[in-house]
Amino acid sequence: MTPNDQPLASLSPLTPHQETNPHAAQPTSLVALVRSLWRNRQLITQMTKREVVGRYKGSAMGLAWSFFNPVFMLTVYTFVFSVIFKSRWGVGSEESKTQFAVVLFVGMIVHGLFAEVLNRAPSLILSNVNYVKKVVFPLEILPVIAMGAALFHSFVSLCVLLVAFVLFNGYLHWTAVLAPFVLLPIVILTLGLAWMLASLGVFLRDVGQTIGIITTVMLFLSPIFYPVTALPEELRPWIMVNPLTFIIEQAREVLIWGRLPDWAGLGMYTLAATIVAWAGYAWFQKTRKGFADVL
């Protein structure tokens, strides 16, 4: 289970007393977080690979499903919104269904990354009880492993998008290389929320049901199937409060329209996301000493 058969204790950033006592106080600083991620990097990599491969274990097509799933959903959404509802993005009179599809797909990728991690977060500790009670294990890396698996699926979807864009348009904007910088803030924010939800899911079992509803609502309250300009002026500030909106818009700037992102906006978003991530990590570390008692 661990890389190179190393014992879990050798990968933990905690002191011997903290490792053997689940009720001991845990470090909550950003430095402790970075140190934990670095010391457990091999374990994170190994368990992320196991998470990705295990999801498709036993299926005939295996990892190929990670490719067909986004293609299938893209086809369905495009048909429903551009053929049945006749939705258009308003980028010109000659806008095609394929152009609508790639614009829509960018929003799906961002939301999919966000929703996949948050939907799993409340059950991360509940589904790994042995790591809490019987095994010396750095519990704080479980949300990171979930994020690693989600990033793999987002990467596959992004590759599908880029290939489709080239096939439909015959070229690719150089600004596409900036996509990782655009997605980084939402990754940081999602990790912070995942640490919070992973902890709350232990004490409040309803969290898992609630977060599924919230991520579904955010799918339709984000500019995924429609542009922000389609909303009345008085409602636009509300959709901008949605943490997905800015990232979706900036991702389209670099991937679809070939424009540079709003670096100042991304910088402010990253700062706010880092604060949320720190708060989420600190909450997780403060409350983890009660996990063993509840479970």
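The values are calculated or read from the model by the stated rules, or taken from the named source; none is laboratory data. Predicted, not measured: the structure shown is a model, and the values here were computed from it. Quick reminder, even Gly has a Cβ in these numbers, built from the backbone with ideal geometry, and neighbours come from all protein chains shown. Accessible surface is based on the protein model in full, side chains and every heavy atom, while ligands, DNA and RNA are left aside. Shrake-Rupley method; radii C 1.70, N 1.55, O 1.52, S 1.80 Å.
Some notes on this structure:
- Restricting the stretch 243-271 to residues that are surrounded by 15 or more Cβ atoms within 10 Å (Cβ to Cβ) and over 18 Å from LEU178 (Cβ atoms), the residue that is farthest from the chain's Cα centre (by Cα) is THR245.
- Listed by position, the helices (runs of 4 or more DSSP H) enclosed by the stretch 54-171 that each have at least 2 residues that are modelled with pLDDT of 90 or more and of a type outside the set (Val, Ile, Thr) are 97-120, 142-169.
- Sub-7 Å Cβ pairs linking a first residue in the stretch 280-295 that is touching a residue at least 60 places away in the same chain (Cβ under 8 Å) and open to solvent by 20 Å² or more (accessible area, probe 1.4 Å) to a second residue that is in a helix (DSSP H, G or I) and among the aromatic types (Phe, Trp, Tyr), at least 6 apart or interchain, are TRP283/TRP195; VAL294/PHE203, ordered by first then second residue.
- Scope the stretch 95-154; condition among the aromatic types (Phe, Trp, Tyr) and surrounded by fewer than 20 Cβ atoms within 10 Å (Cβ to Cβ); matching residues: TYR131, PHE152
- Search result, residues across the stretch 269-295 that are more than 14 Å from PRO243 (Cβ to Cβ) and either in contact with a Lys or Arg (Cβ under 7 Å, 6 or more places away or on another chain) or not aromatic (Phe, Trp, Tyr) (or both): ALA279, ALA282, GLN285, LYS286, THR287, ARG288, LYS289, GLY290, ALA292, ASP293, VAL294, LEU295
- Checked against the criterion of being at pLDDT below 80, assigned to a helix (DSSP H, G or I), open to solvent by less than 50 Å² (accessible area, probe 1.4 Å) and closer than 30 Å to ILE275 by Cβ, the stretch 15-31 contains one or more residues that satisfy it.
- Residue in the stretch 177-200 that is farther than 29 Å from GLN99 by Cβ, assigned to a helix (DSSP H, G or I), open to solvent by less than 20 Å² (accessible area, probe 1.4 Å) and among the hydroxyl-bearing types (Ser, Thr, Tyr) present: yes
- Test set (1) open to solvent by 20 Å² or more (accessible area, probe 1.4 Å); (2) touching a Gly at 6+ places or on another chain (Cβ under 9 Å) - SER157 fails condition number: (1)
- Count - residues of the stretch 211-239 that are in contact (Cβ under 8 Å) with a residue 12 or more places away in the chain, touching a helix residue (DSSP H, G or I) at 6+ places or on another chain (Cβ under 7 Å), part of a helix (DSSP H, G or I) and surrounded by fewer than 19 Cβ atoms within 10 Å (Cβ to Cβ): 6
- Look at the stretch 160-173: where a residue is small (Gly, Ala, Ser) and a partner is in a helix (DSSP H, G or I), sitting 6+ places away or on another chain with Cβ atoms under 9 Å, you get ALA164/VAL71; ALA164/LEU74; ALA164/THR98; ALA164/ALA101; ALA164/VAL102; ALA164/PHE105.
- Qualifying position, being within 16 Å of ASN119 (Cα to Cα) and modelled with pLDDT of 95 or more, among LEU219, LEU260, LEU193: LEU193
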